[in-house]
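Enquirer: Shown below is the structure under consideration.
Where a number appears in this text, it was derived from the coordinates with a stated rule and is not lab data. Everything numeric here is computed off the predicted structure, so don't read it as measured data. Neighbour counts are summed over all protein chains in view; Cβ atoms, including those assigned to glycine, are modelled from backbone coordinates with ideal geometry.
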């Protein structure tokens with residue numbers, strides 16, 4: 001079992017729709033959870049962090065954490081073509097472990 | 001504020017050679033982590049350094065090594081290069097590393113090609 005699992009996609013959504021990205025993790029002792037965005041040919045960029053159960057909103061982005069279910073998600077509202085990228089979930093236990101990423105394509 | 005600087009950006013090496021990659025973290029950041037990124041395996045953790053000490057190591061062979069200097073700059077070395085070592089090597093800096101609730105800031109990476 002992989003430590004952090006994500007659906008590789010691609011996830012295709014129309015412009016203006018909500019994109020929902022999901023991630024599960026195996027280490028129950030994990031403390032911190034992050035979402036990174038990586039454009040093709042670029043390095044990952046931190047877009048959201050979440051540390052406690054519930055929702056955290058930042059602009060068009062909402063991160064959701066459910067430690068009991070070992071589940072993290074990222075919602076992107078009003079999706080734009082510029083949101084097209086690979087989204088990486090990262091979980092911090094005794095090291096920061098990344099999922100393989102979900103490719104998001106926003107169609108105009 | 002300068003970001004994370006990795007040098008060189010691109011490298012082409014021959015099998016059997018060794019290579020050294022360099023990373024300068026954001027000023028004030030004491031933690032430096034290294035990752036290998038390949039299309040098939042995604043981002044794989046190599047090691048993390050904090051205040052010149054290796055705090056954690058991933059599941060890579062001993063050919064992969066690293067170190068951190070007193071100014072927090074870090075280097076990683078790969079000896080006896082194999083074709084499978086071709087990848088993007090990313091360095092990330094953080095105030096406190098995984099133990100703190102800090103995100104990592106990545107450098108632009110070094111693209112290593114082994115021929």
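Enquirer: Work out, in µm²/s and without decimals, the Stokes-Einstein translational diffusion coefficient of segment B:32-115 at 37 °C, 0.692 mPa s, Rh from Kirkwood over C-alpha pairs.
Expert: Answer, rounded: 248 µm²/s.
Enquirer: While we're looking at this one, here's another question. Would you mind pulling out the separation of the Cα centroids of segment A:44-108 and segment B:5-34, in Å?
Expert: 27
Enquirer: Could you compute how fast the protein assembly as shown diffuses translationally, taking Rh as the Kirkwood radius over C-alpha pairs and applying Stokes-Einstein at 37 °C with viscosity 0.692 mPa s? Give it in µm² per second.
Expert: Value of D from the Cα-based Kirkwood radius: 183 µm²/s.
Enquirer: Quantify how strongly other chains surround peptide B:47-56 by giving the mean number of their Cβ atoms within 10 Å of each of its Cβ atoms.
Expert: Neighbouring Cβ atoms belonging to other protein chains average 1 per residue here.
Enquirer: Now for a separate question. So how long is each side of segment A:43-108 along the principal axes, counting just the alpha-carbon atoms, biggest first, in Å?
Expert: Here the Cα extents, ordered largest to smallest, are 39, 24, 18 Å.
Enquirer: Can you tell me, using C-alpha contacts under 8 Å and at least 6 residues apart, the relative contact order of segment B:3-86 as a whole percent?
Expert: 32
Enquirer: Kirkwood Rh, segment B:1-81, all Cα pairs: how many Å? Before the final figure, lay out the partial values.
Expert: Numbers: mean 1/r = 0.0747 Å⁻¹.
When all Cα pairs of segment B:1-81 are included, the Kirkwood radius is 13.4 Å.
Enquirer: Grab the beta carbon distance between residue A:78 and residue A:105, set R0 = 22 Å, and tell me the FRET efficiency rounded to 0.05.
Expert: Here the calculated transfer efficiency is 0.90.
Enquirer: Kirkwood hydrodynamic radius of segment A:5-98 from all distinct Cα pairs, in Å?
Expert: Result for segment A:5-98 stands at 13.5 Å.
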